[in-house]
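> First the structure, which I've put down as structure tokens, then a few questions once you've had a look.
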Amino acid sequence: MVWVEKYPLIAHRGLHGNGVAENSLNSFELAIKHGYAIELDIQFLDNGEPIVFHDDNFIRMTGENCTIAHLNPRFLKYLTYPDGQKILTLSEVLKVVEGKVPLLIEIKNDSFSKNGLNHLIKLLTSYRGKFSIQSFNPKIISLIKAKAPHFSVGQLTTKWEQTELSWWKKKILRHVEFYNDVDFLAVDQLKLGQKERFISKTKKIPLLCWTIRSPQEYQKMKNICDGFIFEGFLP
């Protein structure tokens, strides 16, 4: 993931806010204009098509109470963000970005499928720009490494005890999240400690922190991390 050295500032879900929707065309174009790398989220429709959307339900961002898993792919074009923009497929985003800035692609666990993963790998294999993939789910990471070992892949982690996961999932994740051979770590700044810094230093892989939401947080983490996923301000 050498691109972090040149693009350490990564716009969380694009450069959104002030009426610009997250993960939208405008948010990505603004990030490109400012020279920031772009972090985006991937969910999968039931036909395996990867779409750029954070939640597993459309209600927060569109007002439509429909889960991604239950949406007929033909109706995606009728859903819009509050600012009128359409929800994008990954294919559409790749055509817009065209390698202008790197992409940090988070695969969400909610709608993940092996069919979706095959679609994703096919799209990214033919993409000529810089990109890396990350996920909270270590199993997804291992599947990507098995199918596309040349892809840059990283482990996302957070304070599992503060999530809504079942106790046994939290226990498993705390033990296996750093088991895979990954190319970088992306750590919740609230969790970031000696363990994560030690793993990064020992494996000689970049350490990213998220989500930085103020100049003060940025200054605090500036000498600790190699890359910064930010939102809500311009670093």
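> Which pairs turn up if I take residues in segment 174-197 that are free of Cβ contacts under 8 Å to residues at least 24 places away in the same chain and look for partners that are part of a helix (DSSP H, G or I) and crowded, with 16+ Cβ neighbours inside 10 Å with beta carbon separation below 8 Å, at least 6 apart in sequence or on another chain?
ARG174/TRP160; PHE178/ILE199
> Being under 10 Å from GLN189 (Cβ atoms) and either assigned to a loop (DSSP other than H, G, I, E, B) or touching a residue at least 60 places away in the same chain (Cβ under 8 Å) (or both) is the filter here; which residues of segment 209-227 pass it?
TRP210, THR211, ARG213, ILE224, CYS225
> Another question, then. Suppose we keep only residues that are among the β-branched types (Val, Ile, Thr), without any contact (Cβ under 8 Å) to a residue 40 or more places away in the chain and outside any loop (DSSP other than H, G, I, E, B) within segment 131-158. Which one would you say is surrounded by the most Cβ atoms within 10 Å (Cβ to Cβ)? Break it down stepwise before answering.
Applying the first criterion (among the β-branched types (Val, Ile, Thr)) to segment 131-158 yields 133, 140-141, 144, 153, 157-158.
From what is left, the residues that are without any contact (Cβ under 8 Å) to a residue 40 or more places away in the chain are 133, 140, 144, 153, 157-158.
Subset that is outside any loop (DSSP other than H, G, I, E, B): 133, 140, 144, 153, 157.
Working: ILE133: 23, ILE140: 20, ILE144: 22, VAL153: 25, THR157: 22.
My answer is VAL153.
> Determine if segment 50-69 includes at least one residue that is out of contact with any Gly (no Cβ under 6 Å at 6 or more places or on another chain), part of a strand (DSSP E or B) and more than 18 Å from PHE28 (Cα to Cα).
Checked against the condition, which is being out of contact with any Gly (no Cβ under 6 Å at 6 or more places or on another chain), part of a strand (DSSP E or B) and more than 18 Å from PHE28 (Cα to Cα), segment 50-69 yields at least one hit.
> Would you mind stating whether PHE58 is surrounded by 17 or more Cβ atoms within 10 Å (Cβ to Cβ) and over 17 Å from the mean Cα position of the chain (by Cα)? Steps first, please.
Details: surrounded by 17 or more Cβ atoms within 10 Å (Cβ to Cβ): yes; over 17 Å from the mean Cα position of the chain (by Cα): yes.
It is true that PHE58 is surrounded by 17 or more Cβ atoms within 10 Å (Cβ to Cβ) and over 17 Å from the mean Cα position of the chain (by Cα).
> Let me ask something else about it. Is it fair to say ALA69 is hydrophobic (A, V, I, L, M, F, W, C), more than 22 Å from VAL153 (Cβ to Cβ) and either in contact with a helix residue (DSSP H, G or I) (Cβ under 7 Å, 6 or more places away or on another chain) or at pLDDT below 95 (or both)?
Working: hydrophobic (A, V, I, L, M, F, W, C): yes; more than 22 Å from VAL153 (Cβ to Cβ): yes; either in contact with a helix residue (DSSP H, G or I) (Cβ under 7 Å, 6 or more places away or on another chain) or at pLDDT below 95 (or both): yes.
Against the criterion (hydrophobic (A, V, I, L, M, F, W, C), more than 22 Å from VAL153 (Cβ to Cβ) and either in contact with a helix residue (DSSP H, G or I) (Cβ under 7 Å, 6 or more places away or on another chain) or at pLDDT below 95 (or both)), ALA69 qualifies.
> Quick check on LYS191: is it among the charged types (D, E, K, R), surrounded by fewer than 20 Cβ atoms within 10 Å (Cβ to Cβ) and within 22 Å of ILE229 (Cα to Cα)?
Values: among the charged types (D, E, K, R): yes; surrounded by fewer than 20 Cβ atoms within 10 Å (Cβ to Cβ): yes; within 22 Å of ILE229 (Cα to Cα): yes.
The answer is yes for LYS191.
> Mind checking which residues of segment 120-139 are under 15 Å from the mean Cα position of the chain (by Cα) and either aromatic (Phe, Trp, Tyr) or closer than 15 Å to LEU185 by Cα (or both)? First the steps, then the outcome.
Going through segment 120-139, the residues under 15 Å from the mean Cα position of the chain (by Cα) turn out to be 120, 124, 130-138.
Result: PHE131, SER132, ILE133, GLN134, SER135, PHE136, ASN137, PRO138.
> Any idea how many residues of segment 125-138 are over 24 Å from PHE178 (Cβ atoms) and touching a strand residue (DSSP E or B) at 6+ places or on another chain (Cβ under 8 Å)? Before the answer, list the steps.
So the first thing to find is which residues in segment 125-138 are over 24 Å from PHE178 (Cβ atoms), and the list is 125-130.
Among the residues that remain, those that are also touching a strand residue (DSSP E or B) at 6+ places or on another chain (Cβ under 8 Å) are: 129-130.
Going through segment 125-138 one residue at a time, the tally reaches 2.
> What's the number of the only condition in (1) outside any loop (DSSP other than H, G, I, E, B); (2) among the acidic types (Asp, Glu); (3) surrounded by 13 or more Cβ atoms within 10 Å (Cβ to Cβ) that GLU161 fails to meet?
(3)
> If you don't mind, there's one more thing I want to ask. Please find, among LEU71, LEU88, LEU94, LEU15, the residue that is hydrophobic (A, V, I, L, M, F, W, C), crowded, with 16+ Cβ neighbours inside 10 Å and more than 26 Å from PHE233 (Cα to Cα).
On the way: LEU88 fails: more than 26 Å from PHE233 (Cα to Cα); LEU94 fails: more than 26 Å from PHE233 (Cα to Cα); LEU15 fails: more than 26 Å from PHE233 (Cα to Cα).
Criteria check complete, one pass: LEU71.
> Here's another thing I want to ask about it. Considering each residue of segment 177-221, count those that are of a type in the set (Lys, Arg) and within 25 Å of ASN18 (Cβ to Cβ), and give that number.
Let us first name the residues in segment 177-221 that are of a type in the set (Lys, Arg), namely 191, 195, 197, 201, 203-204, 213, 220.
Okay, now just the ones that are also within 25 Å of ASN18 (Cβ to Cβ), so 213, 220.
The number of residues fulfilling the criteria is 2.
> Another question about this same structure. For segment 164-186, give me each residue that is farther than 20 Å from ILE144 by Cα and outside any helix (DSSP H, G or I).
GLU164, LEU165, SER166, listed by residue number.
> Follow-up question, since we're still on this one. Residues in segment 106-115: is at least one within 30 Å of GLU177 (Cα to Cα), in a strand (DSSP E or B) and in contact (Cβ under 8 Å) with a residue 60 or more places away in the chain?
yes
The values are calculated or read from the model by the stated rules, or taken from the named source; none is laboratory data. Here the structure is a predicted model, which is why all the values come from computation and not from measurement. So basically every Cβ, Gly included, is an ideal-geometry build from the backbone, and we count neighbours across all protein chains shown.
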